[in-house]
Amino acid sequence: MLGGRSIRRAAGPVALVTCVVLLAGCTSSAPGAMALTAPKTGSGIGQPSPFLGANLSSVACGATLRCVASAVSFDPNPTSATLTTSTNGGLVWRHATGDLPSGAEFLSTGCAASVCMVAGRSLYGALAYASAKPAAPWKPTAVIEKGSVTQAVTCAGLRWCMVIAADSSHVFAVSSLSAGAAWTAEGSLPAGTATIQDISCSSTLHCLATGTTSTGAPEVAMTPDGGETWTTSTLPSTPGIVGVLGAACRSGTTCIAIVTTSLSGASTILESSDDGATFGALLDPSTAPVSQPLAVSCVATTCVIVGRSTSGSGAALELATPGTTRSLSLAYVPTALLSVSCPTTTRCVAASTASLVVLSPSVPKARQQQSR
């Protein structure tokens, strides 16, 4: 990655100078942190992962531009937590601090305006951790249910977070308005749900969860009431769908789902016009810069889709109302983007296994009414 890993090994001021030379848009910062300036509208720029020995896997941001990114360590017995945070929308990243177990594997991230939360597992079982203030140390949440396994987390609004967990009998949702100090039991996911790998909420009420059933079939589950009730979304029979990578909804009733259509990893985009109850309209990615869509995030009237280009590098695409498609011009994104989070209409943050990328989507212009 353009010397990205050698940059991280360089000491103090040398690392910062190298950053300025190799990453256009970098600015000097305190030792140990590299900073970017926000890219111009319609573009994005990447910076190396802060972890040498781990693959980034998930990123989430809140409306106040607080972000958290998690990584999976190469070492089966890591000596430090693979969690990094930003307080300015991904321009500067710093290692998370607090009561974080070194051997934890953080599988899912979520941020609201005033809280961020992660869920995963450790040698001691399932876990969830939260940071209630910008740059505040991370602390374990209250136990969700003894013996349960946390699967996914999402946050929305000011302080609301939802965790999907599973025990021996069912998969269920719990929510919190207190950074996990107390949990409220919500409802069970549809019968037959086995694993939820991702969950996205366009508000504290409407959420889409994606995963698999007990038979291995792909599943999208929708709740209109903050997790109290869940229904299974209807997916089209053509093309043959073998997995669901993620889904998100923008304002109005439009939702987007990224699905895989072959065991080789080919993926495509589905659209729903009824809040995610039914997916049918197929958007062909073959004409877009994202030849292999892998993740989606929506805010207001815009959805940003990230993934892999035909050359194997990272790629990003905007889907703006009413059906406008725009390509985002990316710099220093040599590998596929696996996760994306859009906290505002003008800022998204994406992650590949070895880089964190700041994106500046376009804001759709309001339609001008013509005088009669």
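Bear in mind that the values in this text are calculations on the coordinates, not laboratory data. Not measured: the values here are computed from a predicted model. With ideal geometry, Cβ positions are generated from the backbone for all residues, glycine too; neighbour counts draw on all protein chains shown.
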Requested in this report: Please list, in chain and number order, the residues 5+ apart from residue 186 or on another chain whose amide H is under 5 Å from its amide H, with Hs placed from the backbone.
Outcome: 173, 174, 175
Query raised in the report: What is the percent of Cα-Cα separations in the stretch 129-227 that go past 19 Å?
Result: 39 percent
Report summary line: The set of residues whose placed amide H lies less than 5 Å from the amide H of residue 206, leaving out same-chain residues fewer than 5 positions away, is 226
**Report entry** Length gained when the stretch residue 74-residue 205 is fully extended (0.36 nm per residue, less Cα-Cα span)
**Finding:** 43.5 nm
Requested in this report: Work through the residues other than residue 256 whose Cβ is under 11 Å from its Cβ and net out their charges, Lys, Arg +1 and Asp, Glu -1.
Outcome: 0
Query raised in the report: Net charge near residue 211, counting Lys/Arg +1 and Asp/Glu -1 over other residues with Cβ under 9 Å of its Cβ?
Result: -2
Requested in this report: Which order do the peptides 252-259, 174-181 take when ranked by the mean count of other beta-carbon atoms within 10 Å per residue, highest first?
Outcome: 252-259, 174-181
Query raised in the report: Once you charge only the Cβ atoms, +1 for Lys and Arg and -1 for Asp and Glu, what is the size of the charge dipole of the stretch 38-360 about its Cα centre, to the nearest 20 debye?
Result: 900 debye
Query raised in the report: Per 5 Å bin, what is the whole-percent P(r) computed from every C-alpha pair distance within the stretch 57-158?
Result: 3, 14, 26, 27, 18, 9, 3, 0
Report summary line: With the charge dipole of the stretch 38-360 built from beta-carbon charges (+1 for Lys and Arg, -1 for Asp and Glu) about the Cα centre, the Cα from 104, 89, 320 projecting farthest to the positive end belongs to 89
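Could you state the orientation-averaged shadow area of the convex hull built on the Cα atoms of the stretch 38-360, in nm² to one decimal?
14.4 nm²
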Query raised in the report: Taking amide H positions as placed 1.01 Å from N in the peptide plane, with prolines and chain starts having none, which residues 5 or more places from residue 58, or on another chain, fall under 5 Å of its amide H?
Result: 70
Query raised in the report: Which whole-Hz couplings ³J(HN,Hα) result when phi for each residue of the stretch 164-176 is put into the Karplus expression 6.51 cos²θ - 1.76 cosθ + 1.60, θ = phi - 60°, listed in order with x for Gly and Pro?
Result: 9, 10, 9, 10, 6, 10, 6, 9, 9, 10, 10, 9, 8
Query - Average projected area [Cα convex hull, the stretch 190-266], square nanometres - result: 5.1 nm²
